[in-house]
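The structure appears below as structure tokens.
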Amino acid sequence: MWLLSQIGPLHYAKQRNHLERDVTMKGLYFQQSSTDEEITFVFQEKEDLPVTEDNFVKLQVKACALSQINTKLLAEMKMKKDLFPVGREIAGIVLDVGSKVSFFQPDDEVVGILPLDSEDPGLCEVVRVHEHYLVHKPEKVTWTEAAGSIRDGVRAYTALHYLSHLSHGKSVLIMDGASAFGTIAIQLAHHRGAKVISTACSLEDKQCLERFRPPIARVIDVSNGKVHVAESCLEETGGLGVDIVLDAGVRLYSKDDEPAVNLQLLPHKHDIITLLGVGGHWVTTEENLQLDPPDSHCLFLKGATLAFLNDEVWNLSNVQQGKYL
């Protein structure tokens, strides 16, 4: 299999074979150059994992999703290695469990995300992972679907359940709803009985969103750059504003001050503040968000909250604390 860097999610699936003990396997790793500009992918041979101990699970990988490799984050966490494992979202069958494992037993079908400091790549026949990074896979979900959706599923659930406390009857604006994260967030919001508004960045995305069942309350096509998102949301909510906003990035400056390559049809931060209702929740994926005092004062007057959605929030907590949650 050839791997293309920084695209995803792609799916790497294999047929289940009878695994013999004490065999040599190959795993995929990446190595960053000293200039941090180039990434080289290499296959490394590794011995079959020993009998699992304590809280670890020995897992036969059936599918692995390839997401973008965040080299900047790895550098910030000072995780210096010669080789970094590739592939973290995995689905597979439990082969063996440690003496302290309480959630799983051999032959269980599971799905999970390997931690940032994992020594094993997901692109390998067998991996060893702590049980707290795994959950049982629903029977009707395929291997590739499980591995391909676990990351965005955790992100969407974190944003709606933990960061914005979504409940029945709330109105939710989900930016770029046709994305992988957006489609899962829309389904979760509908499941909770929320009223969903979404933006579409192209005609194809608009047509995709209009086919959702139950239907989305309003699809805002921003592809031509002429539609004002704030006005559309206020019109849809009778001027009250939306209760929850999940953005896909925001513009921090005016069009004259910001390079066109960074615009990408994103709403300005002032638009989001304007369309947010009283007591609303703004969940942002913009890690470098800057709010001026007038912006903060406006949020204060609305009694609104701002939360940051970090893709690695759970894994970073584990790495920083030096323990498993």
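The values are calculated or read from the model by the stated rules, or taken from the named source; none is laboratory data. This one's a predicted model, so the numbers in the text were calculated from it and none came from an experiment. All Cβ positions, even for glycine, are placed from backbone atoms using ideal geometry, and neighbour counts span all protein chains on display. Please note that ligands, DNA and RNA were not included when accessible areas were found on the heavy atoms of the full protein model with its side chains. Shrake-Rupley method; radii C 1.70, N 1.55, O 1.52, S 1.80 Å.
For H190, state whether it is open to solvent by 50 Å² or more (accessible area, probe 1.4 Å), modelled with pLDDT of 90 or more and under 23 Å from the mean Cα position of the chain (by Cα). When the stated conditions are applied, H190 does not pass them. Number of residues in segment 193-203 that are in a strand (DSSP E or B) and touching a His at 6+ places or on another chain (Cβ under 8 Å): the value is 1. Within segment 204-231, the residues that satisfy the criterion of being in a helix (DSSP H, G or I), touching a residue at least 24 places away in the same chain (Cβ under 8 Å) and within 21 Å of L276 (Cα to Cα) are V229, A230. Quick check on V127: is it of a type in the set (A, V, I, L, M) and more than 18 Å from the chain's Cα centre (by Cα)? Yes, satisfied. Do we find a residue being under 21 Å from G193 (Cβ atoms), open to solvent by less than 50 Å² (accessible area, probe 1.4 Å) and in a strand (DSSP E or B) anywhere in segment 159-172? Yes: segment 159-172 contains one or more residues that are under 21 Å from G193 (Cβ atoms), open to solvent by less than 50 Å² (accessible area, probe 1.4 Å) and in a strand (DSSP E or B).
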